[in-house]
Amino acid sequence: MATSQNGWPALAADSTLLHTWVIQGKSGTTRIRMRGGSAGFLLAHCALWFDGKVEDLVEHVLDDWGYAYRPVRGYETTLSNHSSGTAIDLNATDHPLGAAGTFTPAECAAIRQRLNLYKGTIRWGGDYQGRKDSMHFEIDAPLAVAEKVARGLLDTPRGKRLLKANPGQRAVILS
């Protein structure tokens, strides 16, 4: 079975492991297709925070992306973490691949501070060595670690909002 760059199994477009996450933020409702369960929950939790604290997700352009079966840009054989449903791009047209300085220093600091909550399970493309990918957030931990961190966030205010908007996902996370 093919795996994405982070070692998670790649998914076919019709996989039952994919879920379209409903993220009801302060700017409106955003839907992003990614892996169901812990990985998707963590990324959706981060996106919900991002919408409330960094930038609105609902804009004139639909540029919040999730699942896509494809290689990493610039590579031929290494599958992107989008292929396993374990990566999202937020406000992609505002933060193009390779562009630096698209977030203010305060926004960068806020993003890095927030990632501490996820205990190393989410990596931000703005911190990549070499080519920056500031729109990009990805799972950077194995399933068992993602499950543990996700379970700890289920009953937070954002966790409760996400689970209310995504019926059935609590059961997937706890299974």
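Odds and ends about this structure:
- Whole-angstrom Cα spans of segment 98-166 along principal axes, big to small: 35, 24, 20
- J(HN,Hα) series, segment 65-73, from Karplus relation 6.51 cos²θ - 1.76 cosθ + 1.60, nearest Hz, glycine and proline x: 10, x, 4, 6, 7, 6, x, 4, 4
- Potential lengthening of the chain between S15 and Q113 amounts to 31.9 nm, from the contour at 0.36 nm per residue minus the alpha-carbon distance.
- About the Cα centre, charge dipole magnitude for the chain (Lys/Arg +1, Asp/Glu -1 at Cβ), debye: 600 debye
- D (Stokes-Einstein, µm²/s), Kirkwood Cα radius, the chain, 1.567 mPa s at 4 °C: 81 µm²/s
- Rounded Å value of the spacing that divides the Cα centres of segment 99-132 and segment 1-43: 20 Å
No value in this document is a laboratory result; all are computed from the given coordinates. What you see is a predicted model, and the numbers here were worked out from it, not measured in a lab. Note: ideal-geometry Cβ built from the backbone for every residue, glycine included; neighbour counts use all protein chains shown.
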